[in-house]
Amino acid sequence: MRIIYVLFSFVLLLTSALHAQELTTGENRIPNDLSKQLPALDALIDSAMLHSPAVKLAESDIILSGYDQRLSNRSWLSYLFIQGDGRYGSEYFINQDNILSSMYYMNDKPRMIYGLGLNIRMPLSELFNRKIASNKAQIGVEQANLKKEEVTQALRQLVIIKYHELLLKQKSLEIRREAMEVADMQLDMAQLGFKNNKIPIEDYTQASQVATKARLEYEVEKSEFTVALLLLEDIVGIKFFK
């Protein structure tokens with residue numbers, strides 16, 4: 001009977017060693033060394049930058065702040081006026097306020113008279129606040145750039161954390177799987193021993209409880225691993241396993 005136990009244990013250990021080469025989550029088979037199968041960390045960070053709505057929003061804010069700065073620098077144009085006038089006849093008027101008025105001129109032949117003037121009317125407040133408005137617009141551009149740096153830095157750190165969390169979860173899942181297989185092996189041996197009156201029912205019950213606990217811990221770890229995998233895929237915009 002002892003030879004049967006030894007052979008049975010050997011078969012279970014061999015099966016465990018073969019299955020240790022890969023993990024199974026749902027319908028996906030995940031390689032045991034996940035770090036060699038995933039893209040490089042720098043590539044994952046670059047992909048996350050390309051797919052991040054937060055980064056795109058920060059970039060759009062930079063563009064908008066640039067437009068605001070250009071509008072601020074050109075605001076003086078709103079106080080610049082161009083006036084024009086045209087009349088047909090043999091007499092016309094000219095003065096500074098209304099181009100063709102006031103000063104009377106005679107001409108023997110009727111003709112088309114054109115006038116064009118350029119005026120600048122700017123409040124004194126605009127003159128004194130011009131530098132302040134320009135500085136404010138410049139600060140807006142700097143803030144937009146700093147915001148993008150903040151967003152990209154936070155995203156870079158998030159990818160690094162989630163990447164290593166995923167690798168840790170995979171290793172933890174492998175440990176849980178091995179513990180579950182050992183517990184199942186012990187349960188099978190205990191069941192065989194109980195059927196052959198080699199061990200009491202208490203030992204068989206204890207082995208069953210240990211195996212149940214090990215399987216539950218494995219399922220919890222597998223769920224956490226799957227969540228970590230899906231989160232990283234969502235952040236970087238890449239499907240690792242199809």
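Read-outs: derived from the displayed coordinates by stated rules, not from any lab. Model, not experiment: these values are computed from the prediction. No Cβ is skipped: glycine too gets one built from the backbone with ideal geometry, and neighbour counts run over all protein chains shown.
A few remarks follow.
- Residues of the stretch 50-66 with amide N under 17 Å of the 7 Å Cα→Cβ point at N135: none
- Spin-label zone in the stretch 42-72 - amide nitrogen under 15 Å from a point set 7 Å from the Cα of L146 along the C-beta vector: 62
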